[in-house]
Amino acid sequence: RLTGGVQVVGEYISESVGQQASLKQRTWQYLFDSQWRDPFHLGTIPVDITCPPAVEEEKVIQLAAASIYRAYLQGINRQKVDLPLSSTQSWPGGVQQQYVEIKPVVEGVIRGLKSCEEFSGRIGVEIWDKGDAVGAWEGEKLLAVLFPTANQLPRIKEKLNDQSRLSIIFNPQWQLGGQIVSDFGFGENKRKAEELVESFEQTFYHELVGIQGDQLLLIRAFPLLWHVYL
């Protein structure tokens, strides 16, 4: 869902400005105010927007961790994060194969967060559902669930009793719309499930999308708006 505005790089579209301008040979910067403590040493994060955009895994990890931390400092304790999977991989092994690829990225983000005093301490790792490849990292100050499904929502809800703990859902498998039968069932159960899911704010999103032979990069890094790189 695109909210607040969309910036398309190449030809630049701004809802607030309403004008077009060439942004070739420029980078956009994720700026931090002087009040923000910066454990990642990223006072500004330069992002190359040349076409096709080349975003290294380590930079994605840093940007995701910084976005999550910034949102947490602004009181957002329930966060949704979508990390990139290969857009050229056919995934014959299904979600289990995807889990193997993306797990090191998730753990890189968690290591970045653990470098902050707010999230220091032991974090355990557990497989919640082997068939659906749902994994969880949990500590006193942080909960992260990778590839959660609708079946795992009751368990996630139980874990949300501590309102001060940062809770992150990474790359959830459910879909909120576009299906005849909802992942969340019907009636009141569906309403409550969707209400819980929507309580998680999208603070980071990174996806390469192939459209008619072209690659589009869609990014949202809190607190910036959504950006599309052509």
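What are the GluC sites (Glu not before Pro) within the range 89-153 that DSSP puts in a loop, where the Cβ has at most 16 other Cβ atoms within 10 Å? Intermediate results must be reported in sequence, preceding the final value.
Numbers: sites: E101, E107, E117, E118, E126, E138, E140; in loops: E140.
Here the sparse-neighbourhood loop sites are E140.
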Discussion item. I want to check the label-to-label distance for L196 and E101. Put each point 7 Å from Cα in the C-beta direction and report it in nm to one decimal.
Written reply: 2.9
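FRET efficiency for S120 and E58, Cβ-Cβ distance as r, R0 = 22 Å, nearest 0.05? All intermediate terms of the calculation are to be shown ahead of the outcome.
On the way: r = 22 Å, r/R0 = 1.00.
Rounded to the nearest 0.05, the efficiency is 0.50.
Add +1 for every Lys or Arg and -1 for every Asp or Glu among the other residues with Cβ under 12 Å from the Cβ of I76, and state the total.
+2
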Item to complete: Rank these by accessible area, largest first, 1.4 Å probe: E207, E188.
Response: E188, E207
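Working from the pairwise distances between different alpha carbons, so that the mean of 1/r is found and then inverted, what is the range 107-230's Kirkwood radius in Å?
With all distinct Cα pairs of the range 107-230 included, I get 16.4 Å.
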Worksheet item: Amide H to amide H under 5 Å from V134: which residues, 5+ apart in sequence or cross-chain, H placed 1.01 Å off N in plane?
Response: W128, D129
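The values are calculated or read from the model by the stated rules, or taken from the named source; none is laboratory data. All values derive from a computational prediction rather than experimental measurement. Every residue, glycine among them, receives a Cβ derived from its backbone with ideal geometry; neighbour counts consider all protein chains shown. When the accessible area is computed, the model is the full protein with side chains, heavy atoms only, and any ligands, DNA or RNA have been set aside. Shrake-Rupley method; radii C 1.70, N 1.55, O 1.52, S 1.80 Å.
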